[in-house]
1. What distance in nm lies between label points placed 7 Å from Cα along the C-beta direction at K32 and Y114?
2. Which order results if H498, H540 are arranged by neighbouring Cβ count within 10 Å, fewest first?
3. If all Cα-Cα distances of the stretch 116-165 are sorted into 10 Å bins from 0 onward, what percent lands in each bin, rounded to whole numbers?
4. List the residues, sorted by chain then number, that are 5 or more residues from G253 or on another chain and whose placed amide H is less than 5 Å from its amide H.
5. When DSSP assigns beta bridges and you keep just the ones with both residues in the chain, what percent turn out antiparallel, to the nearest 5?
6. Give the calculated FRET efficiency between D185 and V151 to the nearest 0.05, with a Förster radius of 30 Å applied to their Cβ-Cβ distance.
7. If each residue of separation counts as 0.36 nm, what is the full-extension length gain between V615 and V222 once their alpha-carbon separation is subtracted?
8. Within the set K534/K585; K260/K455; K495/K534, which residue pairs have Cα atoms separated by over 26 Å?
Amino acid sequence: MAFDGVMVAAVVSELRKKVLGARISKIQQPEKDELIITIHGDKNYKLLLSANASLPLVYLTQTNKEAPLQSPAFCMLLRKYLSSARIVDIYQPSLERVIVFKLEHLDELLDMKYKKLIIEIMGKHSNIIFCDDKDIIIDSIKRIPSSVSSVREVLPGREYFIAQTSDKLDPIMITQNQFEARIKDSPRPLYEALYTNFTGLGPVTASDICFRGGLDPDISMVRYSDDPDVLTHVYRSFKRYMDMIMEDEFEPGIVYRNGKPEEFGAFEPQCITAFITGETFNETVEYRIFDSASEMLETYYASKAQITRIKQRSIDLSKVIANAVSRAAKKYELQQKQLLDTEKREKYRIYGELLTTYGYSVEPGAKEAVLNNFYTGEDIKVPLDAELSAIDNAKAYFAKYAKLKRTYEAVTEQLEQTKEELEHLESVKHYLEMARTEDDLNQLRQEMYEAGYLKSAGNQGRGGKNGQKGGNPKGGAQKGGANRSTKAGSKDSKKPWHYVTGDGFHLYVGRNNFQNDELTFKFASNSDWWFHVKGSAGSHVILKTEGREVPDRVFEEAGALAAYYSKNREDEKVEVDYLERRNVKKPNSAKPGFVVYYTNYSLVAVPGTEGLTLVE
């Protein structure tokens with residue numbers, strides 16, 4: 001969701017509750033388009049104001065940023081006027097993406113004066129503007145001359161005003177007649193008619209207004225322009241949403257989809273959560289409500305920044321894995337062709353045996369002989385080298401048989417090794433797609449280094465005692481996989497995911513191949529239960545029994561968790577193998593996570609974490 005007028009209203013509501021009446025104690029400008037203002041009231045707060053073109057933001061934070069040794073001129077100007085200034089008002093004009101801080105301070109003669117610090121959150125047009133009490137611009141963090149904007153100059157001495165680039169209406173003060181007149185003849189879809197005609201609404205907010213009123217956001221109001229009941233219903237839905245804003249009923253939160261931040265909002269964007277839940281299977285959707293808009297915004301953008309950073313830093317490892325998978329796949333295909341060529345070996349052995357048995361009847365110089373196959377009772381033609389005797393032809397066939405047999409045995413072994421290599425690489429690739437922290441990447445690099453695909457793992461190891469090893473099982477032969485928690489936070493990536501069922505049973509999920517081995521062979525007891533998706537990459541899941549009898553419901557929940565943390569999580573149903581841990585074995589010199597088992601149960605699970613609580 002964009003930082004629209006509704007989100008600004010939620011931030012203003014929070015600021016009025018926390019810093020209204022407080023005093024400014026410190027002003028810093030760590031970036032050319034960013035301010036951090038320390039405010040002292042009942043508590044100390046840091047207010048971040050960013051006019052960054054790609055990511056304009058306003059929220060309270062506890063994060064410190066290093067200030068430059070030489071403070072910029074705009075920062076020095078604010079310090080001159082606003083050091084110890086008191087915040088006497090914070091407001092949002094209409095539902096504009098604008099926040100105005102009204103400040104009082106003493107001048108050189110100790111007379112009370114008033115100033116305004118205004119932040120505009122308008123994408124590439126974002127700005128922080130400092131004005132006097134008559135709205136005359138003193139200065140701004142970005143100066144905008146007429147050569148840059150023909151709509152409005154932002155320069156010292158100019159009068160400040162909010163640029164009106166369209167004829168949008170104030171959604172707070174709108175009357176029913178004005179509302180209906182504006183949308184009833186619009187040929188656009190309803191949600192688009194809302195956000196293009198009313199100030200401060202973004203596409204997601206407009207869609208959510210429609211959804212909450214049971215309206216189809218994609219239907220144009222033209223078809224209902226003569227139906228006053230429909231128009232009245234649309235207006236009332238719109239008005240209810242505006243009332244929630246005016247009455248400060250904000251519930252700022254983040255929509256997490258499969259553990260990843262999908263959207264944020266001042267209210268739950270039900271149009272998104274309902275769509276994900278209703279239109280897709282085995283997706284986990286959570287709207288996590290935060291105590292404040294600031295906490296929510298900081299968490300959301302920190303999570304997004306972390307995902308972006310991890311993705312960028314995993315590019316080199318992704319290329320290594322992709323190249324290794326490609327080479328292994330080509331090798332596997334070549335070995336399959338070689339194995340196919342050895343299928344003639346048994347035919348050559350039979351030719352040799354028949355010639356040894358019936359060679360006396362073969363005429364010298366013959367190019368073929370029709371002999372009775374004593375294995376089947378049928379006559380077969382045996383090609384001959386006319387220059388060799390029957391016995392020498394038999395010896396030649398036995399030599400071909402022996403060569404192809406040796407090839408078959410060698411290629412069969414190589415084929416199995418290549419298959420295991422491919423399965424291992426696919427599991428590492430799966431874990432890379434699920435990586436969310438630096439430690440996740442470090443352990444994958446370490447695994448690739450130990451497998452010989454990287455020349456060096458650098459400083460990235462397993463992280464001491466807690467740098468777990470993990471798994472890539474084989475159900476006959478299976479592969480490992482991983483994912484992340486469905487909640488935001490700073491959970492230590494060296495620990496397995498830990499879930500608790502409604503019956504109080506504990507489930508543990510490996511985050512990578514090293515950790516899967518650790519869970520299965522060091523953490524789990526013999527009487528615990530081990531789960532893994534059948535025939536695909538996925539995490540080891542351990543169900544701790546602690547001597548209790550396990551209900552069928554818990555087996556189903558554990559199976560659903562194993563399916564969820566697997567490569568097949570997008571499937572509607574997934575087959576999962578499970579057995580007591582005592583029956584899971586690891587072959588000598590096997591790759592990380594490679595296990596074997598021969599007696600197991602199976603269940604069909606719908607991937608998900610429903611009914612489980614993630615322990616942070």
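1. The two pseudo-label positions are separated by 3.5 nm.
2. Working: H498 15, H540 35.
In increasing order of surrounding Cβ atoms, one gets H498, H540.
3. Result returned by the calculation: 27, 63, 10.
4. Amide H neighbours of G253, under 5 Å, 5+ apart: G265, F290.
5. 95
6. Using R0 = 30 Å, I get an efficiency of 0.60.
7. Between V615 and V222, full extension yields 136.3 nm more.
8. Too far apart for the 26 Å limit: K260/K455.
Quick note: the coordinates plus some simple rules give every number you see, no bench work behind them. On a predicted model such as this, the values are computed, not experimentally measured, just so you know. A quick note on method: Cβ atoms are made from the backbone with ideal geometry, for glycine too, and the neighbour counts reach across all protein chains shown.
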